[in-house]
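First up is the structure itself, then whatever we jot down about it.
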């Protein structure tokens, strides 16, 4: 496979993942973090970092809007639920060794 085809396939896969997260707002970020170790905010940070590596100025909120499909405060108000105690405990258990716990 040539590089152009690989990049096109990776981009299509990324777009599909972002669209999936936009459509499945019931999937909370803390659940993603607990299950996969990353969430929409992580994707936003990676997107911003990739833009900056290529000389494209972008702040975190701009990247979040690209990933969430709307301004983050709006998404948060519409879809984000308060994390349960169990979700919080699982998050802290799974991230103790990676975030200074």
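Of note:
- Residue 41 touching a residue at least 40 places away in the same chain (Cβ under 8 Å), within 23 Å of residue 95 (Cβ to Cβ) and part of a helix (DSSP H, G or I): no
- Output for the stretch 18-34, where each listed residue is touching a helix residue (DSSP H, G or I) at 6+ places or on another chain (Cβ under 9 Å) and surrounded by fewer than 13 Cβ atoms within 10 Å (Cβ to Cβ): 26
- Selection count, the stretch 50-101, where residues are closer than 23 Å to residue 34 by Cβ and in a helix (DSSP H, G or I): 22
- Condition check for residue 58 on (1) more than 12 Å from the chain's Cα centre (by Cα); (2) modelled with pLDDT of 95 or more; (3) surrounded by fewer than 15 Cβ atoms within 10 Å (Cβ to Cβ): one failure, at (3).
The values are calculated or read from the model by the stated rules, or taken from the named source; none is laboratory data. Just so it is clear, the model here is predicted, and its values are computed rather than measured. Note that we place each Cβ from the backbone using ideal geometry, even for glycine, and neighbour counts take in every protein chain shown.
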